[in-house]
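Student: I'd like to ask you about the structure that follows.
None of the figures in this text is laboratory data; all of them are computed from the coordinates on show. Computed from a prediction, not measured in an experiment: that's the story for all the values here. FYI the Cβ positions are ideal-geometry reconstructions off the backbone, even for glycines, and counts take in every protein chain you see.
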Amino acid sequence: MARTQAIDYEQRREAIVEKAAELYADKGFAGASVSELADALGASKSLIYHYYPSKEDILFDVMDSHLMALNDAVNLVASRDIPPADRLRELTRAMMRLYVGAAARHKVLLNELDSLPPDRRANIVLRQEQLIRIVEKLLVEIQPSLKKKKRAQTPAAMLFFGMINWTHTWFRADGGASAMEVADMAAEITLHGLQGVR
């Protein structure tokens, strides 16, 4: 007879992922052991291995859960029937909320991709590319001259991501600007910069 799944199975997996994200962000994936993760959770190594077969599986879920949340938020904004410039503003705000609210996961995503096995890494890269394509399409709507400059579309999108992806390295909630003010600045810099694309 198959073993039944505990009612709180997903919550326990999420607790492991959340604590692992903090640990990997602080010590790096290679520098953090499953024993340290178990200690941080007040659990045993065997309990962690009950939920995750390997350390790499945990790392994958740290990244994948963050990218799924980003994709969901971005797709929701991208589907709205509002002017493209407003969509970019809302999209930037949505992403910034997730970057601030899941700073540890975001740091792990940016720093530990090479720690994944090739097949899992390919899955993460695919999700990242989905985000990039959505932003590319939106930037073309905002600046139609990009339509004829296909080689410039990805660089334009990556310049946008370059502004907000690394905010976890310097943004502080008690600093001079709020997360939403930073998001708004990034959106306006992008919008005004696109005016120069001819």
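Student: Quick one: in the range 17-39, of everything that is free of Cβ contacts under 8 Å to residues at least 40 places away in the same chain and among the hydroxyl-bearing types (S, T, Y), which residue is surrounded by the most Cβ atoms within 10 Å (Cβ to Cβ)?
Tutor: In this case the residue turns out to be S33.
Student: For E10, indicate whether it is surrounded by 12 or more Cβ atoms within 10 Å (Cβ to Cβ) and of a type outside the set (A, V, I, L, M, F, W, C). Quick ask: steps written out before the conclusion?
Tutor: Working: surrounded by 12 or more Cβ atoms within 10 Å (Cβ to Cβ): no; of a type outside the set (A, V, I, L, M, F, W, C): yes.
So E10 fails the test.
Student: Take the residues in the range 79-88 that are part of a helix (DSSP H, G or I) and touching a Lys or Arg at 6+ places or on another chain (Cβ under 9 Å); name whichever of them is surrounded by the most Cβ atoms within 10 Å (Cβ to Cβ).
Tutor: Going residue by residue through the range 79-88, those that are part of a helix (DSSP H, G or I) are 84-88.
Imposing the further condition that a residue be touching a Lys or Arg at 6+ places or on another chain (Cβ under 9 Å) reduces the set to 86-87.
Details: D86: 12, R87: 21.
Among residues in the range 79-88 that are part of a helix (DSSP H, G or I) and touching a Lys or Arg at 6+ places or on another chain (Cβ under 9 Å), the one surrounded by the most Cβ atoms within 10 Å (Cβ to Cβ) is R87.
Student: Identify the single condition in (1) within 30 Å of Q143 (Cα to Cα); (2) over 16 Å from the mean Cα position of the chain (by Cα) that M96 does not satisfy, given that it satisfies every other one.
Tutor: (2)
Student: Can you name the number of the only condition in (1) in contact (Cβ under 8 Å) with a residue 24 or more places away in the chain; (2) of a type in the set (K, R); (3) farther than 21 Å from A102 by Cβ that K45 fails?
Tutor: Exception for K45: condition (1).
Student: Filter the range 147-163 for residues that are assigned to a helix (DSSP H, G or I) and over 17 Å from A187 (Cβ atoms); which is farthest from the chain's Cα centre (by Cα)?
Tutor: First pass over the range 147-163, keeping only residues assigned to a helix (DSSP H, G or I): 147-148, 150-163.
Next, only the ones that are over 17 Å from A187 (Cβ atoms) stay: 147-148, 150-155.
Numbers: K147: 27, K148: 30, K150: 25, R151: 25, A152: 23, Q153: 21, T154: 18, P155: 19 Å.
Among those residues, the one meeting the criterion is K148.
Each row is one residue, and each column tells you yes or no for (1) among the hydrophobic types (A, V, I, L, M, F, W, C); (2) closer than 17 Å to E90 by Cα; (3) without any contact (Cβ under 8 Å) to a residue 24 or more places away in the chain.
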site	(1), (2), (3)
A122	yes, no, yes
Q128	no, no, no
I134	yes, yes, no
K148	no, no, yes
A156	yes, no, no
M163	yes, yes, no
W170	yes, no, yes
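Student: Looking at (1) part of a loop (DSSP other than H, G, I, E, B); (2) touching a residue at least 60 places away in the same chain (Cβ under 8 Å), find the lone condition where A187 falls short.
Tutor: Unmet condition: (1).
Student: A follow-up question, please. Can D72 be described as under 21 Å from the mean Cα position of the chain (by Cα), free of Cβ contacts under 8 Å to residues at least 24 places away in the same chain and farther than 22 Å from I134 by Cβ? Walk me through how you get there before you give the answer.
Tutor: Numbers: under 21 Å from the mean Cα position of the chain (by Cα): yes; free of Cβ contacts under 8 Å to residues at least 24 places away in the same chain: yes; farther than 22 Å from I134 by Cβ: no.
Judged against the criteria, D72 is not a match.
Student: Could you pull out the residue among L110, L91, L67, L76 that is within 30 Å of E181 (Cβ to Cβ), out of contact with any helix residue (DSSP H, G or I) (no Cβ under 7 Å at 6 or more places or on another chain), of a type in the set (A, V, I, L, M) and surrounded by 13 or more Cβ atoms within 10 Å (Cβ to Cβ)?
Tutor: Residue meeting the stated conditions: L110.
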